[in-house]
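The values are calculated or read from the model by the stated rules, or taken from the named source; none is laboratory data. The model shown is predicted, which means the values in this text are computed figures rather than measured ones. FYI the Cβ positions are ideal-geometry reconstructions off the backbone, even for glycines, and counts take in every protein chain you see. These accessible areas exclude ligands, DNA and RNA; they are computed on the full protein's heavy atoms, side chains included. Shrake-Rupley method; radii C 1.70, N 1.55, O 1.52, S 1.80 Å.
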Amino acid sequence: MEITPIGGILIALAIVLFLFKPDLLYWCMVFSLPFSATSVANVDFAGSRSGIQVGIVFGSLWILREGSTLLKKSNTWHSEHIQTSVRRLRFFMFVVALSLAMPLWINGRLTVECPDLGCTDSGPLGFSARHVTQTIYLTYGVIIAIFIALRNSDLLEFKKTVRVFLASSIFVSFWGFLQWYCYRAGVSYPAFIFNNSASESAKGYLEDLSDLGLTRISSVATEPSMLSQYMVIAGVFAVFAVFGGRIVISKLWDRVALGAAVLVLLLSTSSTAYAGLVILVPASMFGLWYLKKLGLRPLAIGGVTMFTLYVVYAGSSLAHEVADTMIFSKAEGYSAFGRFNSLLLAFGYFRTFPILGIGWGSAPSYDLALKLLSNTGILGLLTFGLFVTTTFAGLWRSMAWNAPQKRMSERAYWACCLLVATFMLIVTNEISGFAFVYGHPWFVFGLALAVPGVANLTLASRRQELRTASS
């Protein structure tokens, strides 16, 4: 194991916080969610090198230090919504555990093909260390989502969490701008600071479009598509902060967060970013319309933005070339072939073993649905689908307006915001792959589970205040 330069500092910080300020471990975990390319240490395991993500270190120590306290103190843990969601997550994890028997049962009778051209990693399926590590990543994500939900059952805590998340997105955006500037100015990019993971999948900062003279922006993430997944979610919170009538950081910094998110998504040259922006516009407009915040101002700003982008695209040959390379002609490239081939192979594995798939962590697939079908079968897709459906249903019920006062409640606002954020999470994961090894999907799920609890606790607190005042 090799501790990275910044890893030594972060490990020392984590130990101090664990002993003296355990509450700050949570805030460090939230802030470090997008830092998927930042490792506290690089390890050699099963013939390959990988990095231990800083977010997982802070998150694991936080659960270890304060997990039992949250379970005892949180009233949300006993709510029907949380109990139902947790049961369905347990069902999903049970199916995942069952699917691990498939590599043992198949025992080399199936060849798992590498979907990429020129790849030599194909081989007979058998149980390996990868199945263990992939299950550990998934288990951690499920656990962290549950504890994030419990932590944010208080409205003030919920708002602080969103504030730290949005502040982190601002830092990530500006680090992405630094990466872009270093490339344009011919200055060496300081990758050793935040892009120090030894994993091959974390080398996205080296990607470029040499024919166009452009670098692909990955900032502190492993690759541009993972940066795009995170920034699209940050964009949802920023849109609702700016146009929804709720200040998260401040009026100025909320606008900075929104502008920076859009700009870094455009600079990323990621098809996930461009597709995410296209879908984000109508999805956010639906949310603002429901909250009755879709007035002339957001429509005018959105219209001006779209017109400006069109003018830039129409008048810039570089914009034409980027769009042609990353969108229109991508279907003819090696990357698109690998993605499409992974879907075909995954569907083939599912057809051969439709009930439990071929085992969690066995087959790569650059989407969400076929990833679940090929690795956990129809049972895995159904149980995960039930969890997602429960999450959407809880958010939808929480979006009810306060009828007597005819005003928007905190419940309606945050539920609507998280409904759009969860929808965008599912969309981007379907486009570019199930990012279960990263923190941002489970963060969104955790906040989405917390919203009904926040609403119930807020109403209970008001009733308690009335009782106190009357006595």
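Laid out as a table, the results:
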item: Cα coordinate range in the stretch 362-453, projected on the principal axes (Å, largest first); result: 54, 22, 19
item: P(r) histogram, all alpha-carbon pairs of the stretch 127-187 included - 10 Å bins from 0, percent; result: 18, 23, 25, 25, 9
item: Net +/- balance of residues flanking GLY123 in space, Cβ distance below 12 Å, scoring K and R +1, D and E -1; result: -1
item: Debye intensity ratio in log₁₀ form over the Cα atoms of the stretch 126-266, taken at each q of 0.13 Å⁻¹; result: -0.71
item: Principal axis dimensions, the stretch 18-165 - Cα atoms, whole angstrom, descending; result: 53, 35, 28
item: Per-pair calculated FRET efficiency, R0 = 35 Å: ALA167 and THR133 via Cβ, rounded to 0.05; result: 0.65
item: Accessible-area order (highest first, 1.4 angstrom probe) of the listed residues PHE174, PHE392, PHE243; result: PHE174, PHE392, PHE243
item: Placed amide H near VAL112: partners under 5 Å, 5+ positions off or other chain; result: GLY123, LEU125
item: Accessible area (Å², per residue) of the stretch 1-70, counting only protein heavy atoms and a probe of 1.4 Å; result: 46
item: Net charge contributed by nearby residues that have their C-beta within less than 13 Å of ALA198 (K/R +1, D/E -1); result: -1
